[in-house]
Amino acid sequence: MTTAVPTSLAGGPRRRVWRNRLFQLAMLSCMFVAFGTLALLLADTLITGWPELSRRLLTGLPSTVPGEAGARPAILATLYLGLLVLVFSVPIGVLTAIYLEEYANRERWWNRAIEVNIQNLAAVPAIVYGILGLAFIVRGIGVGRVVLAGGLILTLVVLPTVVVASREAIRAVPDSIRQGAFALGATKWQVVWRQVLPASIPGIATGSILALSRAVGETAPLIMVGAITYVAFNPSLFGPYTALPVQIYNWTKQPDPGFQTLAAAAAIVLLAIVLSMNAVAIFLRNRYRKQW
Amino acid sequence: MTQMEAPRIDSSRIAEVSHGLDRSEVESRERVFSVRDLSVAYHGNVALENVELVEIRRRIGMVFQKPNPFPKSIYDNIAFGPRVLGMKGSLDERVEQALHQAALWDEVKDRLKDGALGLSGGQQQRLCIARALAVEPDVILMDEPASALDPISTTRIEDLMHELKRDYTIVIVTHNMQQAARVADMTAFFSVDVEEDGSGRRGILVEYDATTKIFTTPSDKRTEDYVTGRFG
């Protein structure tokens, strides 16, 4: 008995094989639209800004002459803001997440309301936080248009993100770990502090740093609360300030083309700050990989 | 037939615990901790609902069905209990002693700082037993401690139980009747009553006696049906 070879094996590809290739191509082109645009934008910024990317930009003070202007006050203020956001948002965000995940009773309506609203808060446009900050922080409690006020407002902007990320990380810790710790006679707080929290550090750190890099890039709320444009001195916690994104925005508004170049160069600096923070997040995620 | 269990009670000191091991009404996730939902007599008359749960858990050790070492080093797994309880004395000695008791010391003594999750399943389960022993409990509950393990690891766990029962009361829940016959001095057979009106199921203690009696001449028909393999 002989076995006949199916003719299709000898012939060309069938329709479904073509369809397979077609969709592969479609997905590939979508990826190029997404990342190609981004790459072009980055390349354009790099090319435009490169000539002005100098030591003067990093250490100099702003000036009305493009060839003499630097962004030191803006860079410093942005770093201060980042630090403030870190100091405020991580403890508050993580403790909130612990409460919601480990302590809050879901039967109670107020806990459910908080849960739903934290998701919503993360979606509120940053400018709204700016208005809120202007009313309550700058004028209400009278902090004034200072670095501290900016830090507090950016904290409000990213807090929901930190809470959501931390909750995810805490929820990913298996119950068997909690049960094992409870079984040894540990109290609730000991279980949370010594088992759940250490086990969720990688997720919390990653989420917090990503939120932080968002805060560092925010412009709108800072304009609302008076990050002024021309600051020719190093900022202090309770002094007036400008931030790097605000500085970039203002330079692009100047008629002198020299400032456009300067803006592109400052954008490279901002990108470098944000990307290195993301790199830290990736490093942490790989270093403390989940172990279960 | 659902929820058939033949728990085994080694009652050198506290046989009363057996009457409380009615788990069927307790939500699975909460069952370990919701001792308060059970009516257990511990040391005679103490009703558990009036007892501080943290204190009860500290006195009654627990080994889970699936090994659940903490994602920490071997040393820190054992040291966790003594640390949170603020136990006096040398931590190093306590860790070593617990690992000796759990017959794990020789296998891990050179890598105490290594992660506990790198151990094999059987080693992890012995680590969990060592962890329970480190806080010097009165009773050790074992919930199907070998059901997730291979036969060789199971043998080691059972040998370990024979060692430990000289010093500790061990309560083991198992579906494996041969295992119950091998390791238990006393055996209780639990079953479940389904309410006629469909209002739920209720766990019941069918029979509790010496292991040899349970497996050779049980007094209850249901026990006999189970041990002779007529159901289950």
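The values are calculated or read from the model by the stated rules, or taken from the named source; none is laboratory data. Note that the structure is predicted; figures quoted are calculated from it, not measured. Here the Cβ is made from the backbone with ideal geometry for all residues, glycine too, and neighbour counts use every protein chain on show. Note: accessible area is taken over every heavy atom of the protein model, side chains too, but ligands, DNA and RNA are not part of it. Shrake-Rupley method; radii C 1.70, N 1.55, O 1.52, S 1.80 Å.
Table: residues versus (1) outside the structural domain of residue A:193 (by TED's automatic domain parsing); (2) under 24 Å from the mean Cα position of the chain (by Cα).
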| site | (1), (2) |
| --- | --- |
| A:19 | yes, no |
| A:22 | yes, no |
| A:29 | yes, no |
| A:33 | yes, yes |
| A:40 | yes, yes |
| A:44 | yes, yes |
| A:59 | no, no |
| A:85 | no, yes |
| A:102 | no, no |
List the pairs whose first member sits in segment B:79-94 and is within 14 Å of chain A (Cβ to nearest Cβ), whose second member is open to solvent by 50 Å² or more (accessible area, probe 1.4 Å) and among the small types (Gly, Ala, Ser), and whose Cβ atoms are under 9 Å apart, counting only residues at least 6 apart or on separate chains?
-> B:82/B:89
For segment B:191-202, state whether one or more residues are hydrophobic (A, V, I, L, M, F, W, C) and surrounded by 19 or more Cβ atoms within 10 Å (Cβ to Cβ).
-> no
Across segment A:249-274, what is the number of residues that are touching a residue at least 12 places away in the same chain (Cβ under 8 Å) and under 20 Å from the mean Cα position of the chain (by Cα)?
-> 9
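Would you check if residue A:135 is within 16 Å of the chain's Cα centre (by Cα), away from chain B (no Cβ under 14 Å), open to solvent by 20 Å² or more (accessible area, probe 1.4 Å) and free of Cβ contacts under 8 Å to residues at least 60 places away in the same chain? First the steps, then the outcome.
Values: within 16 Å of the chain's Cα centre (by Cα): no; away from chain B (no Cβ under 14 Å): yes; open to solvent by 20 Å² or more (accessible area, probe 1.4 Å): yes; free of Cβ contacts under 8 Å to residues at least 60 places away in the same chain: yes.
Spelling it out, it is not the case that residue A:135 is within 16 Å of the chain's Cα centre (by Cα), away from chain B (no Cβ under 14 Å), open to solvent by 20 Å² or more (accessible area, probe 1.4 Å) and free of Cβ contacts under 8 Å to residues at least 60 places away in the same chain.
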Please find, within segment A:269-292, the residue that is modelled with the lowest pLDDT out of those that are open to solvent by less than 60 Å² (accessible area, probe 1.4 Å) and under 25 Å from residue A:195 (Cβ atoms).
-> A:284
Unique match (being in a strand (DSSP E or B) and over 19 Å from residue B:103 (Cα atoms)) among B:222, B:202, B:230 | B:202
Do you know which of the residues in segment B:132-145 that are in a strand (DSSP E or B) and within 11 Å of chain A (Cβ to nearest Cβ) is most open to solvent (accessible area, probe 1.4 Å)?
-> B:141
Name the residues in segment A:47-102 that are of a type in the set (Ser, Thr, Tyr), in a helix (DSSP H, G or I) and modelled with pLDDT under 85, would you?
-> A:59
Restricting segment A:70-96 to residues that are free of Cβ contacts under 8 Å to residues at least 60 places away in the same chain and within 14 Å of residue A:163 (Cα to Cα), which is most open to solvent (accessible area, probe 1.4 Å)?
-> A:95
Among the numbered conditions (1) closer than 30 Å to residue A:170 by Cα; (2) outside any loop (DSSP other than H, G, I, E, B), tell me where residue A:105 comes up short.
-> (2)
Scope segment B:128-169; condition at pLDDT below 90 and of a type in the set (Val, Ile, Thr); matching residues | B:139, B:169
Within segment A:162-182, considering residues that are under 26 Å from residue B:86 (Cβ atoms) and open to solvent by 10 Å² or more (accessible area, probe 1.4 Å), the one nearest to the other protein chains (Cβ to nearest Cβ) | A:176
Does residue B:59 qualify as being at pLDDT below 90, closer than 16 Å to residue B:137 by Cβ and not aromatic (Phe, Trp, Tyr)?
-> yes
Could you grab the pairs with beta carbons closer than 9 Å, sequence gap of 6+ or different chains, first residue in segment A:182-195 and closer than 20 Å to residue B:136 by Cβ, second one of a type in the set (Val, Ile, Thr) and in a loop (DSSP other than H, G, I, E, B)?
-> A:182/B:32; A:183/B:32; A:184/B:135; A:185/B:135
Name, by its number, the condition in (1) surrounded by 15 or more Cβ atoms within 10 Å (Cβ to Cβ); (2) without any contact (Cβ under 8 Å) to a residue 60 or more places away in the chain that does not hold for residue A:119.
-> (1)
Check whether at least one residue in segment A:164-173 is within 20 Å of the chain's Cα centre (by Cα), among the hydroxyl-bearing types (Ser, Thr, Tyr) and over 30 Å from residue B:67 (Cβ atoms), and report yes or no.
-> no
